[in-house]
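Below: one structure, written as structure tokens.
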Amino acid sequence: MDVDPRHYNHVAINDNDIHNIVLSYLVHNCYKESVESFVASTGMKQPADCVEDMEKRKRIFHCAVEGNALKAIELTEQLAPDLLEKNKELHFDLLSLHFVELVCSKKCTEALEFAQNQLTPFGKVEKYVSKLEDFMALLAYEEPEKSPMFHLLSLDYRQQVADSLNRAVLEHSNLPNYTAMERLIQQTTVVRQCISEENAKKLMDETLGVSLAVLISCSLAISSSLGQLVLILASNRSQVNPRDAILSQLMKIILKLEDPTLVTLRRITFIERA
């Protein structure tokens, strides 16, 4: 649910906060030229070693995106020597990128040898088994890009691995692995979801309250009719045919089921199901 902007137009915003949010996004994504222009235009102080760090991460990122995974691994080990040793999943993803490049280059024998030497050891861990099966299945297709595992060859997959690598390098350097802008969007999304759930719960409670009241009303009406039926049968044993009395009273009950109260209940029930 969107909030009326008039409710927060009066909230003061510090320009420095906005500048820091934008700068963190540019630095995180290694937009070196944009960082320099932004710092110059706003008069902000550029973080120490910012440019050098961005250049190194940018090279690693581009190597991963372009499919040169072995070079990305080499540069990562230079910048963060123990990172891939500790982060086995990321190491596997980078090695798998190289395997995919070999498959796409029709170097199937080389790809198989690489998989046996570099990827097979990961098969001892359960969570890598299904991934290994998907990658190895690529060898069975003359046109891997048309296989069910085609997404493993996509730019999106390489981008995903490169993003994970970039975040890991930042975290290894004790820097935020998410930008302030991303965190703000995440927090805003969670708040909106909580508000929506709270409003939905409140509406459901109100609806259930009305439904309960209607059910009680209907139950009382039917109980009253049944009570009248018992009295009729008890007081007119000889004068009224029990069968006729029962049919007559049942007809009254049926008519009560068309009472507006029950119609309301039906409408509420329909709304809840919808």
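So the values come out like this:
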quantity	calculated
Criterion: surrounded by 14 or more Cβ atoms within 10 Å (Cβ to Cβ) and either outside the structural domain of E85 (by TED's automatic domain parsing) or of a type outside the set (D, E) (or both) - qualifying residue of R192, R158, R183	R158
Residue match in the range 179-191 (condition: part of a loop (DSSP other than H, G, I, E, B) and within 19 Å of N29 (Cα to Cα))	yes
Test set (1) outside the structural domain of M54 (by TED's automatic domain parsing); (2) within 27 Å of S24 (Cβ to Cβ) - N166 fails condition number	(1)
Scan of the range 138-158 for residues that are acidic (D, E) and more than 18 Å from H98 (Cβ to Cβ), ordered by number	E142, E143
Flag if Y128 is part of a helix (DSSP H, G or I), more than 16 Å from E101 (Cα to Cα) and touching a helix residue (DSSP H, G or I) at 6+ places or on another chain (Cβ under 9 Å)	yes
Enumeration of residues in the range 66-90 that are among the hydrophobic types (A, V, I, L, M, F, W, C) and either buried (at least 18 other Cβ atoms within 10 Å of the Cβ) or not assigned by TED's automatic domain parsing to the domain that holds S164 (or both)	A69, A72, I73, L75, A80, L83, L84, L90
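The values are calculated or read from the model by the stated rules, or taken from the named source; none is laboratory data. Just so you know, these numbers come straight off a predicted model, no measurement behind them. Neighbour counts are summed over all protein chains in view; Cβ atoms, including those assigned to glycine, are modelled from backbone coordinates with ideal geometry.
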